[in-house]
1. With a 10 Å cut-off between alpha carbons and a GNM built on the chain, which of LEU108, LEU79, LEU90 moves the most?
2. Lys and Arg at +1, Asp and Glu at -1: add these up for the other residues within a Cβ distance under 12 Å of VAL5 and post the number.
3. Please give me the summed charge of the neighbours of ALA19: other residues whose Cβ is under 14 Å from its Cβ, Lys and Arg +1, Asp and Glu -1.
4. Helix-derived [θ] at 222 nm for the chain: sum -39500 (n - 2.57) over DSSP H runs of at least 4, divide by residue count, nearest 500?
5. Please arrange PHE107, PHE48 by accessible surface area, largest first, computed with a 1.4 Å probe and ligands excluded.
6. So how strong a dipole does the chain carry about its Cα centre when Lys and Arg Cβ are +1 and Asp and Glu Cβ are -1, to the nearest 20 debye?
7. I'd like to verify something in the chain: which complete DSSP H helices, judged by Cα projection on the helix axis, reach 18 Å or more and average at least -0.5 on the Kyte-Doolittle scale?
8. Counting other Cβ atoms within 10 Å, which GluC sites (Glu not before Pro) in the range 22-120 have at most 10 and lie in a DSSP loop?
Amino acid sequence: MSDVVHAVARAADSESPRADRAHAAAETVRNAHGYRWVGIYDVGDDEFTIVAQAGSSSRDEAIRIRSTVAGSTALVPVLGAESGIVIGLLHVESDRVDLRADAEIDFLEECAAVLRPLYD
């Protein structure tokens, strides 16, 4: 496990309030690879809600510059440890088009796995 993934794990499993932990984790993931935006969501049976975000989303950027914004997006499920059901979502936006490279996906899946304490 990389130093960054350890930092995400520490942020998610600290004694701080949940929103603060989620924001710190999102900011750590965003800064690690220069992502434009990172969001962490709760996923329920019928809806999902954002817990925390870091950076500027492509939607925000398109509005700000009044132009099309292109890049890559990855949506990585956070699975319940015992149930295996989707309990959360790590959403990453990047200006780069290579976001789906195997090493990048492995990194994001490791980050999603260590976010589980946010859902306990």
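The values are calculated or read from the model by the stated rules, or taken from the named source; none is laboratory data. Note that the coordinates shown come from a computational prediction; the quantities given were computed from them, not determined experimentally. So basically every Cβ, Gly included, is an ideal-geometry build from the backbone, and we count neighbours across all protein chains shown. The protein model used for the area step is the full one, side chains on, heavy atoms only, and it has no ligands, DNA or RNA in it. Shrake-Rupley method; radii C 1.70, N 1.55, O 1.52, S 1.80 Å.
1. Result: LEU79 has the largest fluctuation of those listed.
2. On the way: positive: ARG10; negative: ASP3, ASP106, GLU109, GLU110.
After counting each charged neighbour, the total is -3.
3. Numbers: positive: ARG18, ARG21; negative: GLU15, ASP20, GLU27, ASP42.
Taking every Cβ under 14 Å from that of ALA19, the sum is -2.
4. Result for the chain: -12000 deg cm²/dmol, rounded to the nearest 500.
5. On the way: PHE107 20, PHE48 135 Å².
I get PHE48, PHE107, largest accessible area first.
6. Values: 11 positive and 21 negative charges, 105 e Å.
Approximately 500 debye in magnitude.
7. Numbers: long enough: 18-33 (23 Å, -1.01).
Membrane-span-like by this rule: not one helix.
8. Details: sites: GLU27, GLU47, GLU61, GLU82, GLU93, GLU104, GLU109, GLU110; in loops: GLU47, GLU82.
Counting only loop positions with at most 10 other Cβ atoms within 10 Å, the GluC sites (Glu not before Pro) in the range 22-120 are GLU47, GLU82.
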